[in-house]
1. Pick from Tyr50, Tyr44: which is under 23 Å from Arg198 (Cα atoms), part of a helix (DSSP H, G or I), modelled with pLDDT of 65 or more and of a type in the set (Ser, Thr, Tyr)?
2. For Arg97, are the conditions met, namely being out of contact with any Leu (no Cβ under 9 Å at 6 or more places or on another chain), surrounded by fewer than 19 Cβ atoms within 10 Å (Cβ to Cβ) and under 27 Å from Arg165 (Cβ atoms)?
3. Among the helices (runs of 4 or more DSSP H) contained in the range 121-217, which hold 1 or more residues that are open to solvent by 60 Å² or more (accessible area, probe 1.4 Å), within 30 Å of Glu59 (Cβ to Cβ) and not charged (D, E, K, R)?
4. Scanning for something of a type in the set (Val, Ile, Thr), assigned to a helix (DSSP H, G or I) and open to solvent by 90 Å² or more (accessible area, probe 1.4 Å), does the range 67-88 turn up at least one residue?
5. Restricting attention to the range 97-120, report how many residues are more than 27 Å from Asp146 (Cβ to Cβ) and part of a helix (DSSP H, G or I).
6. Do we have any residue at all in the range 24-32 that's hydroxyl-bearing (Ser, Thr, Tyr), assigned to a helix (DSSP H, G or I), more than 15 Å from the chain's Cα centre (by Cα) and at pLDDT 70 or above?
7. Within the range 100-120, take every residue that is touching a residue at least 24 places away in the same chain (Cβ under 8 Å) and over 20 Å from Ala196 (Cα atoms) and give me the one that is surrounded by the most Cβ atoms within 10 Å (Cβ to Cβ).
Amino acid sequence: MMKRFLWKLFFYFVLFVFVLFMRLNDYPLTLTVGIAVGGSLIGYMILFVYPFVLEKRVERVEDFLLSQKHKPGVYIHYALANRLDDEAKTTMDKLMRKYKYSKALAAYKAAYGLYCKDMAATGEAVPLIRYPDYRTYYETVLLLEDGKSAQAREHLQSIKKRWMRSALLAEMERRAGDIEAAVKHAREAVDASGGAQRYILHKEYERTLPQAIERVS
């Protein structure tokens with residue numbers, strides 16, 4: 001975490017010095033502002049978006065998530081993935097205070113309800129989820145929890161995100177006792193994911209399908 005902080009400090013210090021140099025040497029204001037904004041955007045992509053969404057190395061994602069404890073919307077992924085009950089509840093409470101609108105909270109509530117095995121809470125949140133793939137994902141989970149595996153298998157076909165489809169299929173096959181097929185789909189899910197989602201899948205399969213992550217870390 002300290003290394004990440006130092007890199008962040010170094011990046012923005014260099015950007016500040018460069019912008020200051022441009023102003024002192026009478027470069028056009030529009031060019032200076034453009035470079036400052038562009039540099040800040042690049043920094044944000046490298047320091048936040050990449051590790052949160054795209055990073056494939058699980059240990060790097062973990063370091064990033066741990067450094068974001070002050071951001072409940074990010075840190076909740078670490079708490080849920082590691083089954084830290086107290087921290088998950090505390091972080092969820094922070095999210096409830098932060099967001100005033102139900103739709104902004106819906107995906108968090110659905111995930112937390114599933115974590116707590118509170119299917120009623122998940123069911124209440126699902127219709128409010130904004131993004132179709134995520135809504136269908138949780139609808140499929142609820143069907144699976146109700147023992148409607150055939151309907152669940154049909155329902156997931158509309159999901160576009162490969163990691164979601166594969167993760168659901170892995171769970172279906174695991175419950176059906178076909179471990180070989182479950183491992184195959186679990187590996188597909190991990191391979192197709194990145195960032196926080198890859199981390200969550202990795203930690204889940206450490207507990208339920210350790211064979212699936214022997215070669216993907």
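The values are calculated or read from the model by the stated rules, or taken from the named source; none is laboratory data. If you're wondering where the values come from, they're calculated on a predicted model, not measured in any experiment. Cβ sites come from the backbone with ideal geometry, for glycine too, and all protein chains shown count toward neighbours. Ligands, DNA and RNA are stripped out before the accessible areas are found, and what is left, the full protein with its side chains, is counted by its heavy atoms. Shrake-Rupley method; radii C 1.70, N 1.55, O 1.52, S 1.80 Å.
1. Sole residue among the options that is under 23 Å from Arg198 (Cα atoms), part of a helix (DSSP H, G or I), modelled with pLDDT of 65 or more and of a type in the set (Ser, Thr, Tyr): Tyr50.
2. No, not satisfied.
3. The qualifying helices (runs of 4 or more DSSP H) are 132-145, 179-192.
4. No, there is no match, as no residue in the range 67-88 is of a type in the set (Val, Ile, Thr), assigned to a helix (DSSP H, G or I) and open to solvent by 90 Å² or more (accessible area, probe 1.4 Å).
5. Residues flagged as more than 27 Å from Asp146 (Cβ to Cβ) and part of a helix (DSSP H, G or I) within the range 97-120 amount to 3.
6. yes
7. Met119
Here is a yes/no grid of residues against (1) hydroxyl-bearing (Ser, Thr, Tyr); (2) modelled with pLDDT of 95 or more; (3) within 23 Å of Arg162 (Cβ to Cβ):
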site: Gln68; (1), (2), (3): no, no, no
site: Asp85; (1), (2), (3): no, yes, no
site: Ser102; (1), (2), (3): yes, no, no
site: Thr136; (1), (2), (3): yes, yes, yes
site: Gly147; (1), (2), (3): no, no, no
